Structures are given as structure tokens and as C-alpha cells.
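*Asks:* My questions will all concern the structure given below.
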Amino acid sequence: MFEEELFRNRNAMQTKCYVYEFIYNIHILNNILKVFSFNIITKWPPHHHRKEDKEDKLHVYLNDIVVRPVVYALLPDKMTTTYEDLFVELQKLPELQSWNPLLVICDYEAAIKTAVENKLSNAEILGCLFHLCQAWRRHAEKLKLYNEFRVGSIQQFWRLLRVLPFIEPTKIPHYFSVILATVQTPQQQSYFDFVAYLHKYYVRGTPTKPPRFPPQQWSCSTRIVNSIHRTSNICETWHKCLNEVTRKSRGLGKTKMTDLLSKLQSEDEHTSHDADELSRNPNFKVKKSRHVKNVLKDRRLKKAVENTPTPPGVPLDDLPLLQSFVHATQ
């Protein structure tokens, strides 16, 4: 177990939510207005509260590009009330009583979204682009339509749909109509079911109810222009770091909570060191450089989204604009 001054273990709520907040990281979190929430399911020791608990990590920006975890929580379920209790427990800390982030980037889990809306009232919720496309793909697979997207007659529809998030939120309904106009009819019923699903949950909603995930939550246009991450994939590194804890026993014994806590302490030391160095030197090199192909891709995409050609050129619109996004992402 860690030395007492290194961390706070809050065994909170009747459902036993274990929250580990490293003292130094709480001071970092208090000064942060942008928060990532990246969620994984993993199996924990049989003697722990449940065989399958949910680990939730809150990540923050240390500078314009570096993202690190600062809070770890083992949650018994994925209910809205559990997430709300987590935020309440954090805000009970003296250092975080006035903490209310302005931006939260998360996946499309409705419980997280509702909890943020209820407990972090000032926060703008932005969805992860990877999880958005993943949700669309899974629904297409459920309808047995995805193969048509890959090799069938509506490949262009899928390519254009995947770049729809690069459009400004207020223009997304129009550009969704532009995409639909590219599809020749007749089409199988599963295609129309998929379009209805997109309308209901992401684009227009229903006559009596707005979409659960409105365009302003999943549009990435402003994020691209302001160099804010489009996905929570950057958090995957820290997900993988914890995998070695479950591999330690090689399946021959139980995974120990003490091993998990030791790993969290080790990761916290890296975060604390990097935060200290960045506070003294903003140019401190925290990690390896990004792959050149990804840097060039981001530059192309930013140029396409800004859409401000040199005169006498005119800005693109409708299908040509969408196609420029497709080319930029290739």
C-alpha cells in the first residue's frame, strides 16, 4: 500500500466506489479546464468487490498536446448515478470545491453524458470521433449493412458519412442531406433503417425530441481549427500500461490490488515529473515525436476545414467540400 501522504483512497458510497487521487495530481486537476474521460472494462481480483468492475480514468492536458491521467476510480457499474457520485466525491475535496471544467471529451456512453450534464454544469461535452464512427459501424453491422459500405454499392455514402463530423454543427443537417443525395435508389430496407437511426440519434431527432447526441457534441470542426484532440485515443497508452498488471500472474494466480496500486504510483511519478518540467520549461520534450504521416494528415485536414483558398479561388461547399475532407484524411 502507498504511503499515506502520497494518495487519498476514498472508499465511497454504498456501492463501494474506490477513487485514487494523488495529491499532486489533484492540484493539477484544479487548474485544468479540459478533461478527458476514457473508460475501459477489465477483470479484477475475485476477492475484490466484483469480478468485473469498471475502471474510469480522468485525463487532462498538461500542455497543448500532452494528456495524462490524474484520477483513477474503480466503479461497480456504468450507471448515471455512479458517475454522478464520482464527481460529487471529487468535488468534496478542499482543492476541488470550485472545480468545474469547461470541456469534457468522452465516448458516447449516455450515462457519462448525463452525469456530466447534471454535475459539471459549465462543461461543454464533446464526443470522441473514434467512438462515434465505431457506434455507426456497429449499428450498420447489426443491420447487416456494413459489407455494402465496404465493397457494395454505397461505399461513397460511408466515406462521406465518416467526414461529416468535420462540418460545422449548424450545417450538419444540410450536409447530411447532401450525402443522402449521392445514394441511388432503390436501396434495401436496412439502408433506410440506418438513415433513420442517424436522424433520430445524431442529426435531427424526432418531431417531439431532439437527438440524444446533437451535432454540436460530435462535430470536430472547431477542435480541428484549435488543435484540440478529435478522439480519446491518446489515452490508450495509459490503458495499455495497466494491462501488464493483469499479465503479471500469467494466469497462474490472482491479480493483486497491491500490484495495481503500485502501477498507479509509478505512473503518477511520471505525470508529476513531466508536469514539473513543463511548468519550468514549456518546451520540455515529454514524449516521442508523432509520426510524420499523422502530422501531415492533420495539416491537410486543418486546411480543408478552414476552407479559405487564396483569391481568386472561392471556398468549397456541398459535395466538393466533403470530398476535400476525404482526400485530406487519406
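The values are calculated or read from the model by the stated rules, or taken from the named source; none is laboratory data. The shown structure was predicted, so the numbers you read here are calculated from the model rather than taken from an experiment. Please note: Cβ atoms are built from the backbone with ideal geometry, for glycine as well, and neighbour counts cover all protein chains shown.
*Asks:* When residue 257 is evaluated against the numbered criteria (1) surrounded by 13 or more Cβ atoms within 10 Å (Cβ to Cβ); (2) farther than 24 Å from residue 144 by Cβ; (3) modelled with pLDDT of 75 or more, which criterion, by number, is the only one it fails?
*Replies:* Against the list (1) surrounded by 13 or more Cβ atoms within 10 Å (Cβ to Cβ); (2) farther than 24 Å from residue 144 by Cβ; (3) modelled with pLDDT of 75 or more, residue 257 comes up short only on (3).
*Asks:* Continuing with this model, one more query. With the requirement that a residue be more than 30 Å from residue 108 (Cα to Cα) and either modelled with pLDDT of 70 or more or not hydroxyl-bearing (Ser, Thr, Tyr) (or both), what does the stretch 243-254 give you? Can you show your working first?
*Replies:* As a first pass, look at the stretch 243-254 and keep what is more than 30 Å from residue 108 (Cα to Cα): 248-254.
Those that are more than 30 Å from residue 108 (Cα to Cα) and either modelled with pLDDT of 70 or more or not hydroxyl-bearing (Ser, Thr, Tyr) (or both): 248, 250, 251, 252, 253, 254.
*Asks:* Being in a loop (DSSP other than H, G, I, E, B) and in contact (Cβ under 8 Å) with a residue 60 or more places away in the chain, is that true of even one residue in the stretch 123-133?
*Replies:* yes
*Asks:* Could you check residue 240 against (1) modelled with pLDDT of 75 or more; (2) among the basic types (Lys, Arg); (3) not in a loop (DSSP other than H, G, I, E, B) and say which number it fails?
*Replies:* With respect to (1) modelled with pLDDT of 75 or more; (2) among the basic types (Lys, Arg); (3) not in a loop (DSSP other than H, G, I, E, B), residue 240 is out only on (1).
*Asks:* Quick check, is residue 136 more than 22 Å from residue 72 (Cα to Cα) and among the hydrophobic types (A, V, I, L, M, F, W, C)?
*Replies:* On the way: more than 22 Å from residue 72 (Cα to Cα): yes; among the hydrophobic types (A, V, I, L, M, F, W, C): yes.
Yes: the conditions hold for residue 136.
*Asks:* A further question on this structure: Please find, among 232, 177, 219, the residue that is surrounded by 15 or more Cβ atoms within 10 Å (Cβ to Cβ), polar (S, T, N, Q) and at pLDDT 95 or above.
*Replies:* Details: 232 fails: at pLDDT 95 or above; 177 fails: surrounded by 15 or more Cβ atoms within 10 Å (Cβ to Cβ).
Among 232, 177, 219, only 219 is surrounded by 15 or more Cβ atoms within 10 Å (Cβ to Cβ), polar (S, T, N, Q) and at pLDDT 95 or above.
*Asks:* Within the stretch 106-138, take every residue that is of a type in the set (Ser, Thr, Tyr) and modelled with pLDDT under 90 and give me the one that is farthest from residue 202 (Cα to Cα). Break it down into steps so the answer makes sense when it comes.
*Replies:* Here is the first cut: in the stretch 106-138, the residues of a type in the set (Ser, Thr, Tyr) are 108, 114, 121.
After this cut, where a residue has to be modelled with pLDDT under 90 as well, the list is 108, 121.
Details: 108: 11, 121: 22 Å.
Filtering first and then ranking leaves 121.
*Asks:* Within the stretch 164-195, track down each residue that is outside any helix (DSSP H, G or I) and farther than 21 Å from residue 327 by Cβ. Reasoning before the result, please.
*Replies:* First, pick out the residues of the stretch 164-195 that are outside any helix (DSSP H, G or I): 167-168, 181-188.
Residues satisfying the conditions are 184, 185, 186, 187, 188.
*Asks:* Yes or no: the stretch 142-149 includes at least one residue that is in a helix (DSSP H, G or I), closer than 30 Å to residue 183 by Cα and in contact with a Pro (Cβ under 7 Å, 6 or more places away or on another chain). Spell out how you get there, then give the answer.
*Replies:* The first filter runs over the stretch 142-149 and keeps only residues in a helix (DSSP H, G or I), leaving 142, 146-149.
Next cut, closer than 30 Å to residue 183 by Cα only: 142, 146-149.
Subset that is in contact with a Pro (Cβ under 7 Å, 6 or more places away or on another chain): none.
Within the stretch 142-149, not a single residue is in a helix (DSSP H, G or I), closer than 30 Å to residue 183 by Cα and in contact with a Pro (Cβ under 7 Å, 6 or more places away or on another chain).
*Asks:* In the stretch 88-122, what count of residues is obtained for those that are in a helix (DSSP H, G or I) and farther than 19 Å from residue 69 by Cα?
*Replies:* Residues meeting the conditions: 10.
*Asks:* Working carefully through the options 203, 151, 195, find the one that is of a type in the set (A, V, I, L, M, F, W, C) and more than 30 Å from residue 225 (Cβ to Cβ).
*Replies:* Working: 203 fails: more than 30 Å from residue 225 (Cβ to Cβ); 195 fails: more than 30 Å from residue 225 (Cβ to Cβ).
Just a single option satisfies the conditions, and that option is 151.
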